Every structure is written in structure tokens, then in C-alpha cells.
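See structure below.
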Amino acid sequence: TFTRFAAAEMRSRLCSLMGKERLPVTIGTFHGIYYGILRWTYRIGQKNLLSDNEKYQILRQVIRHQKLEIFDEGDFLKDIAFEIGKIKNQRIRPEEFISEKCEAAVFRQIYREYEEQRKRRRKIDFDDMLLRCRDNLKKHKDVLADVQETFHYIMIDEFQDTNNVQAEIFNMIAEKRKNICVVGDDDQSLYRFRGAKPEIMLDFEKTYPK
């Protein structure tokens, strides 16, 4: 699911239904479970994650190099961080992305310098977590096979809010057994602005015809 609150609610209800405190079931957010896969299969831990403070510190340095006229630096930083996440979640090439906050050339420079500094620190940010998980499972078939053996059944809540990268990962994991149950309502899509694609839900029967 999408939020920690919803994951906690799912866990509470399942434990109540089963009359047990512990269950052999993994419940969590997309980021939480995909981070768990990275930690389990590639030993990626907290030390490899870029904190929000570090992220904004990098962006602040990069933006000040540009000598832009900004009314509110805090808001501008949040907006640029959001647009960087959008590029990663929607798999958009930076050259093709149109920023709503600054000129295209300036945004591309900010993005390029941010990524260079992030890589120099040998860290991944919140959005890289999904990309790294997807790329590693694509590249290492033996690891994908282990993950498929771990997750025989998959259930996804709020399915209308999934994005392309999230879908690529759970489709890879479900590919072997195709035991997947999804719950969603395309009229309740909340995260289009973050790259959510209700079309993924609407095409579900084409992806899983049986």
C-alpha cells in the first residue's frame, strides 16, 4: 500500500482476523517493501540512503550556484525536489522534462549537478530506491527468482495510485505464479501529480488475462 498508516491498519486487521500477533506475511508500503528487498539482496542499508537534510543541502548549494532570483528558497527547494522525483518515477529523460519552476536549461543543470553530488556521496535518494530495486531485479535473474520464491501471493491496495516503476517491480515478482489481487478505484486517484497512472489499473485484465 502507500502509507505507513494504511500498512499498520492492514497488519492490525489481519492479526485480528487470524487471532495471532505474528504472521508469515510481509505488509508495508511500496517503498518499505522494495527497500527491504534491496537490504536483503544487496546489503543496502541506512548508510546508503540520502536523508532529506542532505538532499536539501545539496540542492541549496546547486541552486545558489545558478544565482537565480527566488522569492522563497524553501518553497523553491521543495518544488525542485518534487520535480526531480517526478522525472525518476515517470522515467522521463531530463532533456524532455518541462519544469514549472525555472527555465528548462537551468533545471537540467540543477538535475545534473544534484545527481553528480549524490553519486559522489555514494547514496541513493527516496526515488532511487524504486529504480535501484527494479534495475537490480532485471539485471540479476537469480535474485529475482529468490524474491519470487519469497512472495507467492501479492495483494495491492489503492491500486489506482501506482506508477510505472512500482508496477514494473510487482509485475516481475508476480510473473512466475501470477497470484496477484488488486483493489482500487480510478475515480479516487490521488497521486497523478506524482506520476501515478490509473491506466495501470484499467489495463489489469490485459496484463493478467487469466
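The values are calculated or read from the model by the stated rules, or taken from the named source; none is laboratory data. Because the structure is predicted, anything quoted here is derived from the model rather than measured. No Cβ is skipped: glycine too gets one built from the backbone with ideal geometry, and neighbour counts run over all protein chains shown. When the accessible area is computed, the model is the full protein with side chains, heavy atoms only, and any ligands, DNA or RNA have been set aside. Shrake-Rupley method; radii C 1.70, N 1.55, O 1.52, S 1.80 Å.
Across all Cα atoms of segment 63-156, the radius of gyration (one decimal) and Dmax (whole number) stand at 17.1, 53 Å. Backbone N atoms of segment 31-57 closer than 20 Å to the 7 Å Cα→Cβ label point of THR3 belong to residues 31-34. Summing Cβ point charges (Lys, Arg +1; Asp, Glu -1) relative to the Cα centre of the chain gives a dipole of roughly 1100 debye. How many nm separate the modelled label positions at ARG121 and HIS152, each set 7 Å beyond the Cα in the direction of the Cβ? Between ARG121 and HIS152, the simple spin-label model gives 4.2 nm. Across all directions, the average projected area of the convex hull around the alpha carbons of segment 1-145 is 10.9 nm². The long axis of helix 30-42 is offset from the longest Cα principal axis of the chain by roughly 90 degrees.
For segment 1-65, the solvent-accessible area of protein heavy atoms averages 69 Å² per residue (probe radius 1.4 Å; ligands and nucleic acids excluded).
Between ARG108 and ASP52, how high is the FRET efficiency from 1/(1 + (r/R0)^6) when r is the Cβ-Cβ distance and R₀ = 30 Å? Nearest 0.05.
Efficiency, from the Cβ-Cβ distance: 0.85.
The sum of -39500 (n - 2.57) across all DSSP H runs of n ≥ 4, divided by the residue count of the chain, sets its helix-only mean residue ellipticity at 222 nm to -18000 deg cm²/dmol. Once the Kirkwood radius over Cα pairs is known for segment 50-110, the Stokes-Einstein relation at 37 °C and 0.692 mPa s delivers a diffusion coefficient of 275 µm²/s. Specify the angular offset, from 0 to 90 degrees and rounded to the nearest 10, of the alpha carbon long axis of helix 141-150 from the longest principal axis of the alpha carbons in the chain. Approximately 50 degrees, to the nearest ten. A straight line joining the Cα centroids of segment 148-163 and segment 30-74 runs 26 Å. Here's the picture: charge each Lys and Arg Cβ at +1 and each Asp and Glu Cβ at -1 in the chain, and of SER16, VAL147, PHE82 the one pushed furthest to the positive end of that dipole is VAL147.
The packing ranking of peptides 17-24, 40-47, highest mean first, is 40-47, 17-24, where packing means the average number of other beta carbon atoms within 10 angstrom of each residue.
Going by average Cβ neighbours within 10 Å, how do the peptides 26-39, 145-158 rank, with the highest at the top?
On the way: 26-39: 18.1, 145-158: 15.0.
Packing order, densest peptide first, comes out as 26-39, 145-158.
In terms of distances greater than 20 angstrom between alpha carbons, the cross-link table entries LYS138/LYS206; LYS20/LYS176; LYS55/LYS119; LYS47/LYS86; LYS119/LYS197 yield LYS138/LYS206; LYS20/LYS176; LYS47/LYS86; LYS119/LYS197.
Taking 7 Å steps out from each Cα toward its Cβ at LEU190 and ASP142 produces label points 4.1 nm apart. Residues of segment 175-189 with the amide nitrogen closer than 16 Å to a label point 7 Å from the Cα of LEU14, along Cα-to-Cβ, please. The answer is 179-183.
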